[in-house]
Amino acid sequence: MIRHDLVLMKKVLRLFAMALFSGLQSNVAMKAYSAWEFGKINTKETIAMAQMTERMKELFDKVPTVVLSTVSEDGTPNAVPVGTKKILDDETILMSDQFFNKTRANIETNPRVGVTFWEGQEGYQLKGIVNIETTGRRFEDTARWIEELGTKVGVPLKSKGAVILRIDEIYGVAPGPGAGKKLA
Ligand SMILES: Cc1cc2nc3c(=O)[nH]c(=O)nc-3n(C[C@H](O)[C@H](O)[C@H](O)COP(=O)(O)O)c2cc1C
């Protein structure tokens, strides 16, 4: 058993080293870490991504808010509405943190999150690992966007971070026989 754990630990450390030294974003390392934390050691599973369809992206853009769900270290769930959200590509979304409090603390100890959005009876749930970027181009673009938004609505707004979700699973949440079905 101990020997088995050591082998797993070696695999995880190797993943970390590869991610860090190949100059990839830290969310790759984060994903490997999370996979380890959640007892997933299958390398294929670690790198699996799920892609949103055109329809999912259209709905994500259209809804005014999505619900971001996180979980604390002791297992307490926390779901909050998020209005400042963007699609970066088929498998990546960005949410801006202006007011996250418990959400942020939860992400720092457990970066695995869910994002649910719907309109009428059609809805989707994205799951994956987030990374909070507080420097770099994506954060700077987000900071500018949020500042401009604040000016537009007449309330000063400041982004504390760009929360980037790499989607690894997508479920439907529409009521009916297909409810909760894995779509990607
Ligand atoms: C409609 C609506 C949209 C919101 N959008 C955002 C948002 O885009 N970014 C943000 O940081 N907080 C947003 N909030 C605030 C958060 O939902 C929440 O208040 C904040 O994360 C603090 O809760 P927590 O301690 O559970 O994280 C929004 C709230 C509402 C009601």
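The values are calculated or read from the model by the stated rules, or taken from the named source; none is laboratory data. Bear in mind that the values here come from a model prediction, so they are computed numbers and not experimental data. When we count neighbours, we look across all protein chains shown, and the Cβ atoms used for this are built from the backbone with ideal geometry, even at glycine.
Within the range 115-127, the presence of at least one residue that is assigned by TED's automatic domain parsing to the domain that holds Val67, without any contact (Cβ under 8 Å) to a residue 24 or more places away in the chain and surrounded by fewer than 14 Cβ atoms within 10 Å (Cβ to Cβ) is confirmed.
Conditions tested, residue by residue: (1) touching a Pro at 6+ places or on another chain (Cβ under 9 Å); (2) among the β-branched types (Val, Ile, Thr); (3) modelled with pLDDT of 95 or more.
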position: Lys44; (1), (2), (3): no, no, no
position: Ala48; (1), (2), (3): no, no, no
position: Glu58; (1), (2), (3): no, no, yes
position: Asp61; (1), (2), (3): no, no, yes
position: Ser72; (1), (2), (3): no, no, yes
position: Ala79; (1), (2), (3): no, no, yes
position: Ile87; (1), (2), (3): no, yes, yes
position: Ala105; (1), (2), (3): no, no, yes
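Contact map, the range 152-165: first residue surrounded by fewer than 22 Cβ atoms within 10 Å (Cβ to Cβ), second residue in a loop (DSSP other than H, G, I, E, B) and not hydroxyl-bearing (Ser, Thr, Tyr), Cβ cut-off under 7 Å, separation 6 or more or different chains; pairs are Leu157/Gln98; Lys158/Gln98; Lys160/Gln98.
Which of the residues spanning the range 73-105 are touching a residue at least 12 places away in the same chain (Cβ under 8 Å), near the ligand (Cβ under 10 Å from one of its atoms), over 12 Å from the mean Cα position of the chain (by Cα) and not in a helix (DSSP H, G or I)? Once the filter is applied, which keeps residues that are touching a residue at least 12 places away in the same chain (Cβ under 8 Å), near the ligand (Cβ under 10 Å from one of its atoms), over 12 Å from the mean Cα position of the chain (by Cα) and not in a helix (DSSP H, G or I), the range 73-105 yields Asn78, Ala79, Val80, Pro81, Val82, Gly83, Thr84, Asp97, Gln98, Phe100. Taking the range 59-72, which residues are over 21 Å from Leu183 (Cα atoms) and more than 9 Å from the ligand (Cβ to nearest atom)? Within the range 59-72, Val71, Ser72 meet the criteria.
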